[in-house]
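Everything on this sheet refers to the single structure shown next.
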Amino acid sequence: MDGQDSSYNPNLPPSHYTPMIPPLTTDVKYNLYDTNTSENKPFNDVNGMLQQIMSIVDQSLDEAQSRKHAFNQSRLKPAFFQVLCEIKEKTAINIRNFPEDEPPDAQLMRLDNMLLAEGIAGPERLGGSSTSSSAASANAAASINDESALEHGDYRAKLSQIRQLYHSELEKYEQACNDFTSHVINLLHEQSRARPISPREIDRMVAIIRKKFSSIQLQLKQSTCEAVMILRSRFLDARRKRRNFSKTATEVLNEYFYSHLSNPYPSEEAKEELARKCGISVSQVSNWFGNKRIRYKKNIGKAQEEANLYASKLANQAAQGVGSMRRDSDSSHHGER
DNA sequence: TACCATGATTGGCT
DNA sequence: AGCCAATCATGGTA
């Protein structure tokens, strides 16, 4: 075998050996390991040793126990264990056919990427995302950001809550995994004095444990991703997060609508101005007019009062002298109602 | 809690 | 691209 295996000595020095399983007998005779007794001599050459081991099942418990201890003290034991380890490597272990280098799980990678993208898994990042975006889209009414700042903060708070939970859980699993792994390693090391265990076997066991724990982590990551998705859909889906426009905004929009009732189709420039006045986006203005037109048409009777309301409002404004800058198309053509 | 109001979305049309 | 109509999903309220 290679140098790694040949250098491996599965045994502590015999003098340090303490049996894990206490002798079944309390008879002191077999607890004194006298290497000078005739029974122990056969362990000094390979053939004798093998013979002793093979016939151990025929012996009484006490006798077998005694031989076991004699074997443990034999100078041939390390070499013997080494051979057994090599045989194991070639046969029994391979039956399990443990995949040595399994490809990284695709799902796990996806989850990791997402967690990284959401700022859950990566390093803590400072909340500078909104400042740059608002600067970039200056025309999109600064007050929108003000209005949604509270919710945005709420979103970030919930996200960091998820992040915190994720990290503490992850750490917990990591800790548990390490504890368990070192425990098993210790156990195997201890057992390697009594039975042939190769370092590769231990490595494999560690790999198995890590795999088990990583599947637990996978579940954690999965549920974290789920939580983030739910959070996102709650907070970032505008449709779900519909807010009524402010009273002044609807007033401005209605004012325009009823003063242009004959042709309630604001131009792009008009939309932009309305958007600016109302602190909403242009597409929101378009939505509003779309909804308004269709709903006005559907229920003209009901809208009549509203129309009168805004008509009188306009009249008042005109009477108060604001009318110096006449509203262009209002009085000239509103024949239909 | 039921019901209506309202902003957003979707699909089809021009 | 802009619009209409239907629809969704939530907000507000009696």
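A few notes on this one:
- Matching residues, the range A:71-90, being aliphatic (A, V, I, L, M) and assigned to a helix (DSSP H, G or I): A:ALA79, A:VAL83, A:LEU84, A:ILE87
- In the range A:266-273 there is no residue that is under 48 Å from the mean Cα position of the chain (by Cα), within 17 Å of A:ALA249 (Cα to Cα), open to solvent by 60 Å² or more (accessible area, probe 1.4 Å) and within 9 Å of DNA strand C (Cβ to nearest atom).
- Some residue of the range A:281-294 being open to solvent by 50 Å² or more (accessible area, probe 1.4 Å), farther than 14 Å from A:PHE245 by Cβ and either in the same structural domain as A:LYS313 (by TED's automatic domain parsing) or within 9 Å of DNA strand C (Cβ to nearest atom) (or both): yes
- Looking only at residues in the range A:295-315 that are farther than 14 Å from A:THR250 by Cβ and among the basic types (Lys, Arg), the one that is nearest to DNA strand C (Cβ to nearest atom) is A:LYS297.
- Candidates in the range A:233-261 are the residues that are at pLDDT below 80 and near DNA strand B (Cβ under 9 Å from one of its atoms); of these, the one that is surrounded by the most Cβ atoms within 10 Å (Cβ to Cβ) is A:LYS241.
- Here A:GLY301 does not qualify as surrounded by fewer than 17 Cβ atoms within 10 Å (Cβ to Cβ) and at pLDDT 85 or above.
- Any hit, the range A:175-183, residues being touching a residue at least 12 places away in the same chain (Cβ under 8 Å) and more than 30 Å from A:ASN72 (Cα to Cα): yes
The values are calculated or read from the model by the stated rules, or taken from the named source; none is laboratory data. Treat the numbers as computed from the prediction; the structure is a model and nothing was measured. Cβ coordinates were reconstructed from backbone atoms using ideal geometry, including for glycine residues, and neighbour counts include every protein chain displayed. These accessible areas exclude ligands, DNA and RNA; they are computed on the full protein's heavy atoms, side chains included. Shrake-Rupley method; radii C 1.70, N 1.55, O 1.52, S 1.80 Å.
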